[in-house]
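S.K.: First the structure, which I've put down as structure tokens, then a few questions once you've had a look.
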Amino acid sequence: MTTQEWKFTAKEIANKPDLFLPGHRACAGCVPATVLKLVMKATRGPTIVTEATGCMEVVSSIYPYTSWATPWLHTAFETAAANASGIEAALKIMKKKGRISQEHVDVIAIAGDGGTFDIGFQALSGAVERGHDFLFLLYDNEAYMNTGIQRSSGTPHGAATTTSPAGSSVPGKLEYKKPLADIMIAHNMEYVATASPYYWRDLITKVRKGLEVEGPAFLHVFAPCPRGWRSNPAKSIEYSKLAVETCVFPIWEAVNGNYKLSSPSKLLSLAPQKKKPVSDYLKGQGRFRHMFKPENKALLDEVQNITDKRWKQLLKKCNLS
Amino acid sequence: MTSKNKNWKEIAPAGVCSKSSKSFLTGDWKTYTPIRDVKKCVRCLTCVIFCPDGAINWVPDKKDIEFDMSYCKGCGICANECPTKAITMKLE
Ligand SMILES: Cc1ncc(C[n+]2csc(CCOP(=O)(O)OP(=O)(O)O)c2C)c(N)n1
Ligand code: SF4
Ligand code: SF4
Ligand code: SF4
Ligand SMILES: [Mg+2]
């Protein structure tokens, strides 16, 4: 990894031609779409993208249209990392045989939470174990949105989805969100990070760092979905800020397993009084509406407790407690 | 003719999306239109960065931003995030 960090202005980012184009069919206020637009602004040269089935794949490739101004491949739901492995291996051999002129081609695999935490996990784990040179970009909208809001192992505790409905017998999803980025660190990866699009400079910087790694890198990006979260589309970016400010989704990076909080989260570790209560983030989201009923007070308290507990564990990993 | 009679080099490449989605206009989806108060705008580009639909562009020659209503879906993110509250959403 290069030690010199890439510096850029908003104008430079705005001036850089889009590789993820307008005219895609994502819902109004879809943050995964903002995320992909920004991710592609971080590219440093020729780049091949491969995507798992999911909202972002579907909305960007409705026949005969494509929203990708770069080579792009889709095969199946579970195969983002397997595709990336094949692409990278093919590039290597083509370069060796002199069949491509490019000095280097970056490979980015993109998948949603379903395509990463669940069905795509073995392909991801295998590709990382084999050491393929690619960036895996997870946009986490916390459920299987494209097929109608089913729960995944990335859906947070208490959230109502169509397969974890909130009613009189169950108060939303019973299980807890899988700590996926930590699991990726356990693969002994050089670069693992989390990011949230409100902090767009941090997001773009992390994408670039992930591309610079010679070997696999993993980036977990928080991505509000107004359709599935039953929230106001105008507030989608604001939720990506509140999730960080409440420590529901802290942002950090781990280079060779050494955890380090990124500035917005670091600030909260230095000034804990600025950490907001989780209710500031949960309110306004239809998927958490039931939590604010008096009979579900215990659930709301529990979500606060889990958040605090995971935050403390993270501080410990960062040697901050 | 079945694919048995053709090798992989001969069969038509399946599922190749060849047209840019830029020719698919999504602007007619919206029920709200963003209206910018030019006097309040400080050209910080926050709206350009966050728009999910690439519907706000920075135009260097004009030293200004420009909305492209042919893609804007009226989500209101730009209005919500604008630091000077220069954008209001108007019902169409
Ligand atoms: C093997 C297989 N099982 C199920 C599906 C149906 N399917 C298509 S997209 C999708 C959900 C994708 O969820 P996620 O990865 O979280 O992406 P999102 O749509 O939320 O962006 C499912 C279940 C499929 N395409 N392939
Ligand atoms: S359902 Fe959610 S993730 Fe899918 S296109 Fe709509 S807003 Fe985006
Ligand atoms: S966010 Fe507001 S102030 Fe900044 S460029 Fe857009 S309209 Fe102007
Ligand atoms: S309303 Fe939404 S789609 Fe339209 S310009 Fe603003 S951010 Fe972009
Ligand atoms: Mg999802």
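The values are calculated or read from the model by the stated rules, or taken from the named source; none is laboratory data. Please read all numbers here as calculations on a predicted model, not as lab measurements. We place every Cβ from the backbone using ideal geometry, glycine too, and count neighbours over all the protein chains shown. Quick note on the areas: whole protein, heavy atoms, side chains included, nothing else; ligands and nucleic acids left out. Shrake-Rupley method; radii C 1.70, N 1.55, O 1.52, S 1.80 Å.
S.K.: For a test of the definition: using alpha carbon positions, the gyration tensor, and the 1.5 limit on a/c, classify the range A:1-108 as rounded, prolate or oblate. Don't jump to the answer; show the numbers that get you there.
M.R.: On the way: a/c = 1.96, a/b = 1.14, b/c = 1.72.
Oblate shape, in that a/c is at least 1.5 and b/c is the bigger or equal ratio.
S.K.: Using alpha-carbon pairs under 8 Å, 6+ residues apart, how would you state the relative contact order of the range A:3-317 in percent? Spell out each step's value before the answer.
M.R.: Values: 603 pairs, mean separation 49.4, N = 315.
For the range A:3-317, the relative contact order is 16 percent.
S.K.: Rounded to the nearest 500 deg cm²/dmol, what is the calculated helix-only ellipticity per residue at 222 nm for the protein assembly as shown, with -39500 (n - 2.57) per DSSP H run of length n ≥ 4?
M.R.: Values: 14 runs with 125 residues, N = 413.
Mean residue ellipticity at 222 nm (helix-derived): -8500 deg cm²/dmol.
S.K.: Relative to a virtual label point 7 Å from the Cα of residue B:69 in the Cα→beta-carbon direction, which members of the range A:3-38 show backbone nitrogen distances below 20 Å?
M.R.: Counting only backbone N, you get A:22-24, A:28-29.
S.K.: Also, quick follow-up: Normalising by the residue count of the range A:82-228, find the relative contact order in percent from Cα pairs under 8 Å and 6+ residues apart. Please report the intermediate quantities before stating the final value.
M.R.: On the way: 259 pairs, mean separation 34.9, N = 147.
24 percent.
S.K.: If you take every DSSP beta bridge whose two residues both sit in the range A:125-229, what share of them, in percent to the nearest 5, is antiparallel? Walk me through the numbers on the way to the answer.
M.R.: Values: 3 of 14 bridges.
Of all bridge pairs located within the range A:125-229, approximately 20 percent are antiparallel.
S.K.: What is the distance in Å between the Cα centroid of the range A:179-196 and that of the range A:123-164?
M.R.: 14 Å
S.K.: From largest accessible area down, sort A:287, A:230; use a 1.4 Å probe on the protein chains.
M.R.: Details: A:287 5, A:230 115 Å².
If we order A:287, A:230 from most to least accessible, we get A:230, A:287.
S.K.: Separate question: If you bin the C-alpha pair distances of the range A:3-317 every 10 Å from 0, what whole percents do you get?
M.R.: Once binned at 10 Å, the Cα pair distances of the range A:3-317 give 6, 27, 36, 22, 7, 1, 0.
S.K.: Using only the alpha carbons, work out the radius of gyration and Dmax of the range A:111-181 in angstrom.
M.R.: 13.8, 49
S.K.: Do you know the relative contact order of chain B, to the nearest whole percent, from alpha carbon pairs under 8 angstrom that are 6+ apart?
M.R.: The value is 36 percent.
S.K.: What Kirkwood hydrodynamic radius, in Å, does chain B give when the mean of 1/r is taken over all pairs of distinct Cα atoms and then inverted? List each step's numbers first, then the result.
M.R.: Details: mean 1/r = 0.0637 Å⁻¹.
For chain B, the Kirkwood estimate is 15.7 Å.
S.K.: Using only atoms on other chains, find how many Cβ atoms lie within 10 Å of each Cβ of peptide A:31-40 and report the average.
M.R.: Details: counts 4, 1, 6, 8, 1, 1, 6, 2, 0, 0.
Going residue by residue through A:31-40 and averaging, the value is 3.
S.K.: Quick one: Karplus J couplings for the range A:43-54, per residue in order, coefficients 6.51, -1.76, 1.60, θ = phi - 60°, nearest Hz, x for Gly and Pro?
M.R.: So the J values, rounded to whole Hz, are 5, 10, x, x, 9, 10, 10, 10, 10, 7, 4, x.
S.K.: Lone cysteines in chain B, going by a 4.7 Å Cβ-Cβ cut-off?
M.R.: B:17, B:41, B:44, B:51, B:72, B:75, B:82, each lacking another Cys Cβ under 4.7 Å.
S.K.: Could I ask something else about it? Just grab the label-to-label distance for residue A:102 and residue A:7, each label 7 Å out from Cα along the Cβ direction, in nm (one decimal).
M.R.: 2.9 nm
S.K.: Follow-up question, since we're still on this one. Could you work out, residue by residue across B:74-85, how many beta carbons of other chains sit within 10 Å of that residue's beta carbon, and then give the average as an integer?
M.R.: Numbers: counts 4, 15, 7, 12, 2, 1, 8, 7, 0, 0, 0, 0.
Mean shielding count: 5.
S.K.: Further, regarding this structure: Mind checking A:230-240 for the average number of partner chain beta-carbons within 10 Å of each residue's beta-carbon?
M.R.: Details: counts 0, 0, 3, 8, 10, 5, 7, 10, 3, 0, 1.
For peptide A:230-240, the averaged partner shielding equals 4.
S.K.: Which shape class applies to the range A:46-126: rounded if a/c is under 1.5, otherwise prolate when a/b exceeds b/c and oblate if not, where a ≥ b ≥ c are the square roots of the Cα gyration tensor eigenvalues?
M.R.: Numbers: a/c = 2.83, a/b = 1.38, b/c = 2.05.
The shape class here is oblate.
S.K.: I've got another one for you. How much of the DSSP beta bridge set in the protein assembly as shown is antiparallel, as a percent to the nearest 5? Intermediate results must be reported in sequence, preceding the final value.
M.R.: On the way: 20 of 45 bridges.
So the antiparallel bridges in the protein assembly as shown amount to around 45 percent.
S.K.: From zero outward in steps of 5 Å, how is the percent of C-alpha pairs of the range A:227-321 spread across the bins?
M.R.: Result, from short to long distances: 3, 13, 22, 21, 17, 13, 8, 3, 0, 0 percent.
S.K.: Can you sort A:214, A:12, A:51, A:245 by solvent-accessible area, 1.4 Å probe, largest first?
M.R.: In descending accessible area the options line up as A:214, A:12, A:245, A:51.
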